[in-house]
Amino acid sequence: MATVRVEREHGVLNITLACPDRRNAFNADVIRELHEALDQVGDARAVRLAGEGPSFSAGADVDWMRASVDLSRDENIADAERLRAMLTALDACPAPTIACVQGHAMGGGVGLIACCDIGISDPDTRFAFSESKLGLIPSTISPFVIDKIGVSAARRFFTTGERFTAETALMIGLIHEINPDLDGGAQRVIDEILSGGPQAVRRAKELVRLRPAGRATAELIADVRAGAEAQEGLRAFLEKRSASWMDDTYQT
């Protein structure tokens, strides 16, 4: 891949936007390669998404935006659909996803963060839904963003296009932690994820996405409790030992 770097280490899939000279701005290649990278999740127990260089992602690439001026309506729809498909794949990733954010996160870059389960930001990061400054709207990312930050925050920041701080991003729920040591903060979160049962962690994420109610919740816990992983976890707790998945050789 030319614009995205993918590495797998100790059960973690690391996906890095690798166009620091363009502040990891979006174009057709970045969108396609990000989507391809997400196809490689497999049995990874966590996914870390980062941006190389001084910025996480500055939104849309200038040349890509320039080319869009001459697109027909149908071509614009197809272009937006490719972005939507990639964001959907990130949002629906079966493994927990952690966004490590620094520098600037603008437009579609904020959309990436919204699609991740956990966001960790450097204290000096600046965020913005800057589309309105260009006469555009954050349409494709909006379902994911509104689900993350809520209608009230979206009403303000979508319409003003203003830049906001990491503290504000934390307050509205876009990120979960401010940490000057992004790698250390992400590793701490990953260690917590790896301490849980691999299938339980995935099903816990699915639980949040599907939001079952009533009897379905009772049936779900009954099915999980009867499984081999839960049996192992309960035995390990009662026997005061580490569960088998704490071993690096554990396979899902």
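In the set 122, 117, which member is under 17 Å from the mean Cα position of the chain (by Cα), farther than 20 Å from residue 24 by Cα and among the charged types (D, E, K, R)?
Details: 122 fails: farther than 20 Å from residue 24 by Cα.
Of 122, 117, the one residue that is under 17 Å from the mean Cα position of the chain (by Cα), farther than 20 Å from residue 24 by Cα and among the charged types (D, E, K, R) is 117.
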*From the residues in region 126-147 that are in contact with a strand residue (DSSP E or B) (Cβ under 9 Å, 6 or more places away or on another chain) and under 12 Å from residue 110 (Cα atoms), which one is most open to solvent (accessible area, probe 1.4 Å)?*
126
*Considering only helices (runs of 4 or more DSSP H) fully contained in region 156-252, which possess at least 2 residues that are over 26 Å from the mean Cα position of the chain (by Cα)?*
215-225, 228-238
*Pairs, please: C-beta under 6 Å, at least 6 apart or cross-chain, first residue in contact (Cβ under 8 Å) with a residue 12 or more places away in the chain and under 18 Å from residue 195 (Cβ atoms) and in region 215-237, second open to solvent by less than 40 Å² (accessible area, probe 1.4 Å) and not β-branched (Val, Ile, Thr)?*
224/230; 229/197; 232/243; 233/197; 233/243
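Let me confirm something: among 219, 232, which residue is surrounded by fewer than 16 Cβ atoms within 10 Å (Cβ to Cβ), more than 20 Å from residue 48 (Cα to Cα) and touching a Ser or Thr at 6+ places or on another chain (Cβ under 6 Å)? Show your work before the answer.
Details: 219 fails: touching a Ser or Thr at 6+ places or on another chain (Cβ under 6 Å).
Criteria check complete, one pass: 232.
When only residues in region 52-71 that are outside any loop (DSSP other than H, G, I, E, B) and open to solvent by 10 Å² or more (accessible area, probe 1.4 Å) count, which is modelled with the highest pLDDT? It would help to see each step written out before you state the result.
Going residue by residue through region 52-71, those that are outside any loop (DSSP other than H, G, I, E, B) are 57, 60, 62-68.
If we keep only those that are open to solvent by 10 Å² or more (accessible area, probe 1.4 Å) as well, we get 60, 62-68.
On the way: 60: 81, 62: 72, 63: 77, 64: 76, 65: 73, 66: 71, 67: 72, 68: 74.
For region 52-71, the residue satisfying everything is 60.
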*asked:* Please go through region 18-33 and give me each residue that is within 13 Å of residue 108 (Cα to Cα) and either touching a residue at least 40 places away in the same chain (Cβ under 8 Å) or of a type outside the set (Val, Ile, Thr) (or both), ordered by number.
replied: 23, 24, 25, 26, 27, 28, 31
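The values are calculated or read from the model by the stated rules, or taken from the named source; none is laboratory data. Worth saying up front: this structure is predicted, and the values here are computed from it rather than measured. Methodologically, a virtual Cβ is constructed for each residue, glycine included, from the backbone with ideal geometry; neighbour enumeration extends over all protein chains shown. Surface accessibility is based on the protein's heavy atoms, side chains included, excluding ligands, DNA and RNA. Shrake-Rupley method; radii C 1.70, N 1.55, O 1.52, S 1.80 Å.
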